[in-house]
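A short worksheet on the structure shown next.
The values are calculated or read from the model by the stated rules, or taken from the named source; none is laboratory data. Small disclaimer: the values here were computed from a predicted structure and weren't measured. Counting neighbours? That spans all protein chains shown, and the Cβs are built from the backbone with ideal geometry, glycine included. For accessibility, only protein heavy atoms count, side chains too; no ligands or nucleic acids. Shrake-Rupley method; radii C 1.70, N 1.55, O 1.52, S 1.80 Å.
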Amino acid sequence: MNDSPSLMAIGLMSGTSADGVDAALVRILPGARAQVETLGFHAAPYPRDLRERLLRAGGEAGALTDEICSLHREVGEAFASAALEVASRSGARLEKIDFIGSHGQTVRHLPEGAEGACGPLLPSTLQIGDPAFIAQRTGITCVSDFRARDVAAGGAGAPLTPWAHRILFGRESAASAFLNLGGISNITYLPPVGAEGVFGFDCGPANMTLDALAQRITNGEKNHDTGGDLAAAGRVCTETLAELRRHPYLKRKPPKSTGRETFGEAFVEQVIERMASRGGGLKDAIATLTAFSASCVADAIRDFLPTDPPLAEVVVGGGGVHNNTLMRRLDDSLGNPSLAKSDARGVSPDAVEAVCFALLAWGTLSGEENNLPSATGAKEAVCLGNITPGRNFASLMRLLLEPA
């Protein structure tokens, strides 16, 4: 990438938990080793009705096409509102923001295809949140639909963020890893800066299953076991935990990705039934699934990450860092290496994924190959994303193309 002037961008992200939109305002300083400064962050929860409709659309039964059509616009409007809000709260003028990178909201992710009612389904992925409405409301050029191009290149469309993790968290003289505790946990191996070998994959379920149980336990009053208090009040069933750790996904070698299709409602119901057959209640179920989330990560590190050179640390981001019970179990399971929350490395744990999609959008607009086949399994490195021009598109192109 050229040593162009600094750029200001917004990254927008909503994960498998579908709880709302994370918006991060960043300044990117291009160069041989790019630098990123987070200028603002805003988390905008979805209205309850919208979230429930999104969870239904992403569930096993899915939704009718007219519902998906409307949700595509509604989510786009929600993303646009989050972008406008983070700019306003940060005191940034919209005309000074160069571009937006929007992940959208995943409603289906079928990287290996599936069996449909009318026959086999092709490998595919669908993120909604119409970028046209983001560009129209903000006036800012929007890059979106990142996952589809990787799937077209034979990849799983996930994880995409390792490309950005190495910019944010790579260390000069030591190997490390970045762990995101979102709805799904995913990990990125980061060799020393300049060395080859960055890769990443989804470890297994994290907050997604815990959120579902927190809602069940509190009759909808809470969407998350934020501090881990519900899990701390339960008892881990070692028999059920042992069974869960034999799940076939966990033994598959990377590259691999997973989501609600594997660890969604049906999975949670099976765990509840197993626990009930052993005399365990819902708090025991959330305690056991919290232990399972930690073991998924610890087992993935032990089974699939290189040991030479040894990891100096695991940097942790995502909403799961606020779950004290999960973090304690993770720390106990890992022993070495040590855990460090991402804010100790300059990026708020809540903002990391949104920052990553601002960086991925920068890669797209710069013409970079911004997927990592070592992470997604794609046949080749490609430039991800679709560009929806905003009112600033011509000036943005001049800025990006001017000589260094």
*Looking only at the stretch 350-389, which residues are open to solvent by less than 10 Å² (accessible area, probe 1.4 Å) and either modelled with pLDDT under 95 or closer than 30 Å to residue 329 by Cα (or both)?*
351, 352, 354, 355, 356, 357, 375, 376
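Taking residue 296, is it assigned to a helix (DSSP H, G or I), touching a strand residue (DSSP E or B) at 6+ places or on another chain (Cβ under 8 Å) and under 24 Å from residue 24 (Cα atoms)?
So residue 296 does not fit the description; no.
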*Evaluation of residue 239 against (1) over 25 Å from the mean Cα position of the chain (by Cα); (2) surrounded by fewer than 19 Cβ atoms within 10 Å (Cβ to Cβ); (3) not in a helix (DSSP H, G or I) (one fails), failing number*: (3)
*asked:* Just checking, does the stretch 393-400 include any residue being open to solvent by less than 60 Å² (accessible area, probe 1.4 Å) and in contact with a Gly (Cβ under 6 Å, 6 or more places away or on another chain)?
replied: no
*Residue in the stretch 107-125 that is buried (at least 17 other Cβ atoms within 10 Å of the Cβ), over 19 Å from the mean Cα position of the chain (by Cα) and in contact (Cβ under 8 Å) with a residue 60 or more places away in the chain present*: no
_Pairs with Cβ under 7 Å, 6+ apart, first in the stretch 55-77 and free of Cβ contacts under 8 Å to residues at least 12 places away in the same chain, second not β-branched (Val, Ile, Thr)_ = 56/63
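Could you tell me which residue of the stretch 265-283 is farthest from residue 243 (Cα to Cα), considering only residues that are open to solvent by 80 Å² or more (accessible area, probe 1.4 Å) and at pLDDT 95 or above?
Going through the qualifying residues, I end up with 283.
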_Hey, residue 355 part of a helix (DSSP H, G or I) and of a type in the set (Val, Ile, Thr) or not_ = yes
*Among (1) modelled with pLDDT of 95 or more; (2) open to solvent by 20 Å² or more (accessible area, probe 1.4 Å), the one test that residue 249 misses*: (2)
*Search the stretch 46-73 for residues being open to solvent by 50 Å² or more (accessible area, probe 1.4 Å) and not in a helix (DSSP H, G or I), and hand back the single one that is modelled with the lowest pLDDT.*
60
*What residue, among those in the stretch 1-19 that are modelled with pLDDT of 95 or more and either β-branched (Val, Ile, Thr) or in a strand (DSSP E or B) (or both), is surrounded by the most Cβ atoms within 10 Å (Cβ to Cβ)?*
10
*Which of the residues belonging to the stretch 284-293 are hydroxyl-bearing (Ser, Thr, Tyr) and either open to solvent by 10 Å² or more (accessible area, probe 1.4 Å) or touching a strand residue (DSSP E or B) at 6+ places or on another chain (Cβ under 9 Å) (or both)?*
293
*Out of 24, 43, report the one residue that is open to solvent by less than 20 Å² (accessible area, probe 1.4 Å) and in a strand (DSSP E or B).*
24
*Within the stretch 91-201, which strands (runs of 3 or more DSSP E) (wholly inside it) include 2 or more residues that are under 28 Å from residue 51 (Cβ atoms)?*
99-102, 105-110, 114-116, 124-128, 142-144, 175-181, 184-190
*Counting only residues that are open to solvent by less than 10 Å² (accessible area, probe 1.4 Å) and part of a helix (DSSP H, G or I), how many does the stretch 299-324 have?*
3
_Just to be sure before I move on: is residue 258 among the hydroxyl-bearing types (Ser, Thr, Tyr), assigned to a loop (DSSP other than H, G, I, E, B) and open to solvent by less than 30 Å² (accessible area, probe 1.4 Å) in the structure I sent?_
yes
*Would you mind finding the one in 88, 6, 14 that is within 19 Å of the chain's Cα centre (by Cα) and within 25 Å of residue 390 (Cα to Cα)?*
14
*Which residue pairs have Cβ atoms closer than 9 Å, lie 6 or more positions apart in sequence or on different chains, and pair a first residue in the stretch 28-54 that is under 30 Å from residue 166 (Cβ atoms) with a second residue that is assigned to a helix (DSSP H, G or I) and among the basic types (Lys, Arg)?*
40/89; 41/89; 42/89
